Amino acid sequence: MPNEASSAGSPVVERRLRLAGLLICLGLLVLLLSLIKVHALSFMAFGLITCPLVLAGIILFLYAIVSHGPGGGNIPPKS
């Protein structure tokens, strides 16, 4: 019987991926709201809110994938 944990995925990884998706979606929502009105504050909202949200989402997504590699994040020492 195959290990169910390997096929279902880790709850920690799933939580990180959901959080990453949420951050990216929030960033895109702020981006859409800043496009409604062309104003200097819209650009500031884009630069100060949207970019960090999307960047944090991307970094968290990549970290979730890399930290849950083939060995579960445990790299054996080189001999």
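The values are calculated or read from the model by the stated rules, or taken from the named source; none is laboratory data. The shown structure was predicted, so the numbers you read here are calculated from the model rather than taken from an experiment. Note that we place each Cβ from the backbone using ideal geometry, even for glycine, and neighbour counts take in every protein chain shown.
Within segment 12-30, the residues that satisfy the criterion of being of a type in the set (A, V, I, L, M) and within 13 Å of residue 59 (Cβ to Cβ) are 17, 19, 20, 23, 24.
When residue 68 is tested against (1) closer than 16 Å to residue 15 by Cβ; (2) modelled with pLDDT of 90 or more; (3) not small (Gly, Ala, Ser), only condition (2) is not met. Cβ-Cβ distances below 9 Å connect the following pairs, each with a first residue in segment 41-67 that is within 12 Å of residue 20 (Cβ to Cβ), a second residue that is at pLDDT 90 or above and surrounded by fewer than 12 Cβ atoms within 10 Å (Cβ to Cβ), and a separation of six or more residues or different chains: 64/15.
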